[in-house]
Amino acid sequence: MRIKSQHWKFVLLGLAFMLPLAFLCLFSHPAADDFPISHTARDWGSYTSVVGYYKCWSARYTSIFLMSVNPLVFGSFFGYKLIPILVMAGLFLSVRFFLTGLWGSGKSILPLAILMTLVFLLSMSDLPGGLYYLGGSLFYQPGNMLLAVLIGSLFRNPPPSSLSGLKLCAWATGIVQGFLLILLVGCNEICMMLALAISGTGLFFELLLRKKVSAGWILLLLVSIISTLIVLKSPATFYRMEANGGFGRNWPEIFMNASNGMFMAFFHWFSSPALSVFLLLAAIMPLSPLEKLNLNKFFRWGISAASILLFYFCFVPSFLGEGLLQGRTENSLLFLFLILYLLNLRIWKSHWKTEIIYEKTKSWLVLAFFISLCLSPAFLLAISDLVSGEAAAFSAERDYRDSVMRNTPGDSIWIEPLRHKPKSLFAGDIGDYPDPWYDNHFAELYGKRFVHLKPGGGAKP
């Protein structure tokens, strides 16, 4: 990817704002929820872990597989620290692929990809669950990447109306898109809904606009339905719903809570001023699509209304299953909001004349965006924990605990509780759960049987 001279300022400023997030990786350590899958995957292997969790607790096969090959499984705590950097890089590359699918390789694509990646990462309401806690990030961020890549691929290579006479490359593209759908469904409950929505919407609009039943879209819809049924009909889905009280909730209450959750999420996201500036910038930036969509105003309004409805329904699974909106889920919904916003721009933007406005305002709007990033929640958290030394102190305590676990003989061990819990990194420790199940998995990663926290006190680095 050759970078044009006028884009270097975006690249350098983007790297500058990414630097605090990358630097925090040096101080990241596993959360309590990372140990069970890591330990079982080390003893059972990936296949047995995915099948075992499918039968007892989680049918999210893509996410469980990714967790089963995380660096902790192989005893690498240093490798664990590198995953957030790979996640950030993967998000940027997938966003860029998505944008080139929508608008081609125009001059504004690289800056827009940098801006979108920055505003997403730095506006996340749950920074640990978004990057540093793999039990959160590997269950949601890969789904975001797959969503962006899948939509970008479908814009580049729409499914064919007929399967007769297709070339080998067209078959290969369709197989890849089907595989992306299968992986997307296995990430989390939001991605499962989106896989159905993407394939169903594609089939519907092909029928509505071209008066044809598309064989390609039908195959993708069948793949989505089968993958979804595999998740919904799993024993794990039943046990998880039962354990979280999902079967006892009534639908009016669920929809009301989903509405409240959506409005609260908007409040959190737009407390970051960079988000509003980004939406304005994207709306007026010169983006010329390779092909203008021939849609009348009725269809454009219908698509926009459908995207708002889809976005709302993506809040429903959280309040149906666990009865609340977790931070890592809210992060994923923010990414979906940005994706849907840009998809709507693809539909409407060709009817707007914004070139003159952009030329007159771009200098101060870009400056306002980067200044407003300094006020973003994740950026403020990262800077605060780095400057105060809280992140370094937390890491020193965890390093000391690691040394004690490795060097203390016996199969049962007492360790000091943590005194430092930086909000940018901390996502739960052993002893936080009444059932010692998490703690015992942590102990067994070190070859111990039991681990206990000493009452009071704190670790001595």
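The values are calculated or read from the model by the stated rules, or taken from the named source; none is laboratory data. The structure displayed is predicted, hence computed values, not measured ones. When we count neighbours, we look across all protein chains shown, and the Cβ atoms used for this are built from the backbone with ideal geometry, even at glycine. Note: accessible area is taken over every heavy atom of the protein model, side chains too, but ligands, DNA and RNA are not part of it. Shrake-Rupley method; radii C 1.70, N 1.55, O 1.52, S 1.80 Å.
The selection criterion, being open to solvent by 20 Å² or more (accessible area, probe 1.4 Å), part of a helix (DSSP H, G or I), free of Cβ contacts under 8 Å to residues at least 24 places away in the same chain and more than 30 Å from V231 (Cβ to Cβ), does not hold for L26.
Do we find a residue being over 22 Å from F120 (Cα atoms) and crowded, with 21+ Cβ neighbours inside 10 Å anywhere in the stretch 71-78? Don't jump to the end; show me each part of the working.
Pass one, the stretch 71-78, residues over 22 Å from F120 (Cα atoms): 71-78.
Imposing the further condition that a residue be crowded, with 21+ Cβ neighbours inside 10 Å reduces the set to 72-73.
So far as the stretch 71-78 goes, yes, one or more of its residues are over 22 Å from F120 (Cα atoms) and crowded, with 21+ Cβ neighbours inside 10 Å.
Pairs meeting the criteria (first residue in the stretch 253-265 and open to solvent by 70 Å² or more (accessible area, probe 1.4 Å), second residue of a type in the set (D, E) and not in a helix (DSSP H, G or I), beta carbons under 8 Å, at least 6 apart or on different chains) are lacking.
Give the residue, chosen from L146, L112, L150, that is out of contact with any Asp or Glu (no Cβ under 8 Å at 6 or more places or on another chain), open to solvent by less than 10 Å² (accessible area, probe 1.4 Å) and modelled with pLDDT of 95 or more. Spell out the reasoning first.
Numbers: L146 fails: open to solvent by less than 10 Å² (accessible area, probe 1.4 Å); L112 fails: modelled with pLDDT of 95 or more.
Being out of contact with any Asp or Glu (no Cβ under 8 Å at 6 or more places or on another chain), open to solvent by less than 10 Å² (accessible area, probe 1.4 Å) and modelled with pLDDT of 95 or more holds for just one of L146, L112, L150, which is L150.
Show me the helices (runs of 4 or more DSSP H) entirely contained within the stretch 318-426 in which 1 or more residues are acidic (D, E) and open to solvent by less than 40 Å² (accessible area, probe 1.4 Å).
Numbers: elements: 327-348, 355-373, 377-387, 390-407.
Qualifying helices (runs of 4 or more DSSP H): 327-348, 377-387, 390-407.
Provide a single number: the residues in the stretch 44-63 that are touching a residue at least 60 places away in the same chain (Cβ under 8 Å) and in a helix (DSSP H, G or I). Count: 7. Of all residues in the stretch 266-286, those satisfying the criterion of being part of a helix (DSSP H, G or I), open to solvent by less than 60 Å² (accessible area, probe 1.4 Å) and of a type outside the set (A, V, I, L, M) are F266, W269, P273, S276, F278.
Hey, among the residues in the stretch 198-215 that are in a helix (DSSP H, G or I) and not aliphatic (A, V, I, L, M), which one's surrounded by the fewest Cβ atoms within 10 Å (Cβ to Cβ)? Break it down stepwise before answering.
Of the residues in the stretch 198-215, the ones in a helix (DSSP H, G or I) are 198-210, 215.
From what is left, the residues that are not aliphatic (A, V, I, L, M) are 199-202, 204-206, 210.
On the way: S199: 26, G200: 15, T201: 16, G202: 19, F204: 14, F205: 17, E206: 20, R210: 10.
Taking the candidates together, the pick is R210.
Within the stretch 404-445, the set of residues being within 28 Å of L24 (Cα to Cα), at pLDDT 90 or above and among the hydroxyl-bearing types (S, T, Y) comprises just one member, S424.
Contact annotation: residue pairs with Cβ atoms under 8 Å, 6 or more positions apart or on different chains, pairing a residue in the stretch 125-138 that is among the acidic types (D, E) with a partner that is open to solvent by 10 Å² or more (accessible area, probe 1.4 Å), are D126/Q326; D126/G327; D126/R328; D126/E330. The criterion of being over 25 Å from M124 (Cβ atoms), open to solvent by 60 Å² or more (accessible area, probe 1.4 Å) and either of a type in the set (S, T, Y) or in contact with a Phe, Trp or Tyr (Cβ under 6 Å, 6 or more places away or on another chain) (or both) holds for T48. Of the residues F179, F120, F155, the single one that is surrounded by 21 or more Cβ atoms within 10 Å (Cβ to Cβ), assigned to a helix (DSSP H, G or I), out of contact with any His (no Cβ under 8 Å at 6 or more places or on another chain) and among the hydrophobic types (A, V, I, L, M, F, W, C) is F120.
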